[in-house]
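A.B. asks: Pasting in a structure now, in structure tokens, and then I'll have a few things to ask.
The values are calculated or read from the model by the stated rules, or taken from the named source; none is laboratory data. Remember, it's a predicted structure, so these values are computed and weren't measured experimentally. FYI the Cβ positions are ideal-geometry reconstructions off the backbone, even for glycines, and counts take in every protein chain you see. Keep in mind that these areas ignore ligands, DNA and RNA; they rest on the heavy atoms of the full protein, side chains included. Shrake-Rupley method; radii C 1.70, N 1.55, O 1.52, S 1.80 Å.
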Amino acid sequence: MNRRKFISKSALSSLGLAIGTSVLANVTRDSKSNKRQSNNVNYPLVIATWNVPNAVAKARDVILAGAPAIDAVEQGCNVEEEDPSNSSVGYGGLPDRDGHVSLDACIMDDKGNYGAVVFLEEIVNAISVARKVMEKTPHVLLAGEGAKQFAEAQGFKRQNLLTEETKNAWKDWLKKSEYKPIINIENHDTIGMLAMDIRGNLSGGCTTSGLAYKMHGRVGDSPIIGSGLYVDNEIGAATATGVGEEVLKTVGAYLVVELMRQGKTPEQACKEAIGRIMKKQPERRDFQVAYIAVNKKGEVGAFSIHPGFSYTIFQQGKLKNIKPAHWFD
Ligand code: SD4
């Protein structure tokens with residue numbers, strides 16, 4: 001071996017050693033519980049749109065047990081999907097203007113794999129179907145009837161997603177039949193969740209029944225890669241909530257991650273992505289969009305158009321709800 005080859009080989013092996021050591025140093029076992037834990041102060045972490053302590057607590061428990069971030073995200077999102085009191089997600093989600101509940105969801109892991117369902121009816125756990133699309137099919141996105149057939153073939157049970165409350169709310173809405181996204185009112189509660197596990201790996205998920213009283217067949221940003229959600233395990237992850245049409249037009253979540261790649265903090269990146277929406281229509285004040293983001297160091301940030309948005313976070317052993325800065329006062 002000549003000298004140059006030897007030097008580069010030994011440099012590579014010490015680099016490998018350094019990476020291996022840093023991963024090992026980051027994950028040790030708690031002496032009391034013997035559970036694996038991270039030694040980094042910023043992670044493990046879970047962050048989700050809106051005030052969803054139960055969902056984040058579930059994801060926290062999964063992640064603290066040493067499971068990968070993708071499991072935490074899926075099981076955390078399942079909590080809101082199954083909760084009939086959340087009228088923007090899963091069972092008990094508000095229907096479209098014809099009275100049908102249709103769900104959109106996607107999931108993305110640390111290896112850049114992605115799976116999604118759009119316009120899925122009669123299945124509660126849309127995010128879990130999205131995960132099956134990712135893991136069990138050669139595709140990334142299934143829609144409508146095909147998505148439902150696939151879900152049933154995977155063992156998911158069909159059920160009516162409309163509750164008495166949402167049926168009555170829809171009947172009330174029919175009296176005026178006025179479609180108008182209302183800022184921060186019941187039609188915004190989509191759960192977008194990002195998690196970093198004890199190994200520092202990132203995953204994300206987003207699940208929603210979409211905008212209340214939408215047109216039948218309408219699909220929003222939440223299940224679309226790069227709009228409602230994007231994860232790049234080298235850089236960070238971002239997810240969105242609010243009027244999906246505005247997020248789709250600016251490819252919001254991908255934009256936030258790319259801005260972090262350019263050196264912006266998560267909050268600066270979210271603010272700039274909101275700015276891209278607002279600069280094209282500075283006079284419009286009648287809709288809400290919010291982004292949350294995390295970078296590879298486990299730093300988090302968020303930004304919304306209007307006040308009223310909050311996110312829930314588990315980090316450094318604490319679960320909190322935080323109101324980020326916004327474009328308008
Ligand atoms: C959508 N972005 O379908 C979703 C709605 C939402 O809280 O975020 N609701 O456009």
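A.B. asks: When residues of region 198-217 are filtered for being surrounded by fewer than 24 Cβ atoms within 10 Å (Cβ to Cβ) and more than 8 Å from the ligand (Cβ to nearest atom), how many remain?
C.D. replies: The number of residues fulfilling the criteria is 8.
A.B. asks: Now for a separate question. Name the single residue, out of those in region 273-329 being in a loop (DSSP other than H, G, I, E, B) and aromatic (Phe, Trp, Tyr), that is nearest to Val256 (Cα to Cα).
C.D. replies: Taking the candidates together, the pick is Trp327.
A.B. asks: Here's a follow-up. Considering each residue of region 150-168, count those that are among the small types (Gly, Ala, Ser) and either surrounded by fewer than 17 Cβ atoms within 10 Å (Cβ to Cβ) or at positive phi (or both), and give that number.
C.D. replies: 2
A.B. asks: From the set of residues in region 115-149 that are in a strand (DSSP E or B) and open to solvent by 20 Å² or more (accessible area, probe 1.4 Å), which is farthest from Gln159 (Cα to Cα)?
C.D. replies: That would be Leu141.
A.B. asks: Exactly one of these conditions fails for Ala169: (1) modelled with pLDDT under 95; (2) among the aliphatic types (A, V, I, L, M); (3) more than 20 Å from Leu94 (Cβ to Cβ). Give me its number.
C.D. replies: For Ala169, the exception is condition (3).
A.B. asks: State whether the residues of region 245-257 include one that is within 9 Å of the ligand (Cβ to nearest atom), of a type outside the set (D, E, K, R) and either open to solvent by less than 10 Å² (accessible area, probe 1.4 Å) or in contact (Cβ under 8 Å) with a residue 60 or more places away in the chain (or both).
C.D. replies: yes
A.B. asks: Being surrounded by 18 or more Cβ atoms within 10 Å (Cβ to Cβ) and more than 13 Å from the ligand (Cβ to nearest atom): is that true of Ala273 here?
C.D. replies: For Ala273, the condition - surrounded by 18 or more Cβ atoms within 10 Å (Cβ to Cβ) and more than 13 Å from the ligand (Cβ to nearest atom) - is met.
A.B. asks: Residues Val124, Val52, Val118: which one is more than 24 Å from Gln315 (Cα to Cα) and within 16 Å of the ligand (Cβ to nearest atom)?
C.D. replies: Working: Val124 fails: within 16 Å of the ligand (Cβ to nearest atom); Val52 fails: more than 24 Å from Gln315 (Cα to Cα).
From the options Val124, Val52, Val118, the qualifying one is Val118.
A.B. asks: So, in region 68-108, of the ones that are more than 25 Å from Asn160 (Cβ to Cβ) and either β-branched (Val, Ile, Thr) or open to solvent by 20 Å² or more (accessible area, probe 1.4 Å) (or both), which residue ends up farthest from the ligand (Cβ to nearest atom)?
C.D. replies: Pro68
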